Amino acid sequence: MTDNKLHDEADDIRRDTAASAPELAEHDRIAVLEQQLEEAKGSALYAAAEAQNVRRRLEAEKVQASSYAVTGFARDMLAVKDHLDRALSHVPEGAREDENLTSFIAGIEATARELDAIFARNGITRVEARGMPLDPHRHQAMIEMPSDAEPGTIVEEMQPGYMLKDRLLRPALVGVAKAG
């Protein structure tokens with residue numbers, strides 16, 4: 001091919017490209033806009049999902065906070081329960097026959113029963129201890145004691161433990177059977 005013929009072909013290609021350039025530019029622009037639209041949709045969906053997750057997490061934290069807001073108060077009330085139980089356990093048998101003390105003792109027993117009912121209504125339960133295997137998540141071993149029971153079994157409860165729903169308020173203080 002001659003130089004003139006090459007120049008003529010190049011000019012023809014340039015003209016064809018120039019004629020279709022607005023078409024290509026429009027097509028490219030639409031493709032870019034569609035890609036941006038898809039990216040924006042993806043970002044919007046991600047943001048909506050993240051917002052929903054935050055709402056769920058905050059709702060769960062709110063429920064948990066309200067469920068366990070009484071933890072400090074409940075721990076304080078355990079001391080009252082301990083005192084009532086201790087008072088009742090130290091009432092001599094003869095005192096129950098004394099008419100002057102009978103109503104006094106009955107009042108203490110009624111108060112202890114009411115406190116137990118309040119505990120039950122609020123999800124406060126006593127930790128099972130005696131005869132159970134030692135559970136370090138619920139029991140605190142204070143002493144090991146010789147016993148016929150299997151080693152690691154709780155044979156004495158020195159102070160009851162309590163749970164608030166599924167959380168430990170106070171571990172039970174216990175004596176555990178020792179080996180050999």
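A few notes on this one:
- In a fully extended conformation the segment linking Asp98 and Arg121 would gain 4.9 nm over its present Cα-Cα distance, using 0.36 nm per residue.
- When +1 charges are put on Lys and Arg Cβ atoms and -1 charges on Asp and Glu Cβ atoms, the dipole computed for the range 125-180 relative to its Cα centre reaches about 320 debye.
- The distance from the alpha carbon centre of the range 143-174 to that of the range 45-87 is 25 Å, rounded to a whole number.
- Helix-only mean residue ellipticity at 222 nm for the chain, each DSSP H run of n ≥ 4 adding -39500 (n - 2.57), per residue, nearest 500: -22500 deg cm²/dmol
- Sorted peptide list for 119-131, 84-96, criterion being average Cβ within 10 angstrom, highest first: 119-131, 84-96
- From phi via Karplus (6.51, -1.76, 1.60), per-residue ³J(HN,Hα) for the range 58-74 in Hz, x at Gly/Pro: 5, 5, 5, 5, 5, 5, 5, 5, 6, 5, 10, 5, 8, 4, x, 5, 4
- Within the shell defined by Cβ-Cβ distances under 14 Å, the residues around Val91 carry a net charge of -3, with Lys and Arg each +1 and Asp and Glu each -1.
- Other-chain or far-sequence residues with amide H under 5 Å of Met132's (modelled H): Ile154
- The H on the amide N of Met145, modeled in the peptide plane, is under 5 Å from the matching H of Val176, Ala177, Lys178, each at least 5 residues off or on a different chain.
- Spacing of the modelled spin labels on Leu88 and Ala65, each 7 Å from Cα toward Cβ, amounts to 3.7 nm.
- With each label modelled as a point 7 angstrom along the Cα→C-beta vector, the Asp28-Arg55 pair spans 4.3 nm.
- Considering only alpha-carbon pairs that sit under 8 angstrom and 6 or more positions apart, the relative contact order computed for the chain is 15 percent.
- Shape call, the range 104-176: gyration tensor on alpha carbons, a/c limit 1.5: oblate
- Beta bridges per DSSP, both residues in the chain: antiparallel share near 65 percent.
- Using the Cβ of Ala129 as centre and a radius below 10 Å, the other residues enclosed give a net charge of -1, where K and R count +1 and D and E count -1.
- Listed values for the range 160-168 are Karplus-derived 3J(HN,Hα) couplings in whole Hz (6.51 cos²θ - 1.76 cosθ + 1.60, θ = phi - 60°), namely x, x, 9, 10, 10, 6, 10, 10, 6, and x replaces Gly and Pro.
- Using only side-chain charges placed at the Cβ, +1 for Lys and Arg and -1 for Asp and Glu, the dipole size of the range 38-150 relative to its Cα centre rounds to 620 debye.
- Relative exposure of Leu78, Leu45, Leu101, judged by other C-beta atoms within 10 Å (fewest first): Leu45, Leu101, Leu78
The numbers here are math on the coordinates, done by the rules we state, and not lab data. Computed from a prediction, not measured in an experiment: that's the story for all the values here. Here Cβ is always computed from backbone atoms with ideal geometry, including for glycine, and neighbour counts include all displayed protein chains.
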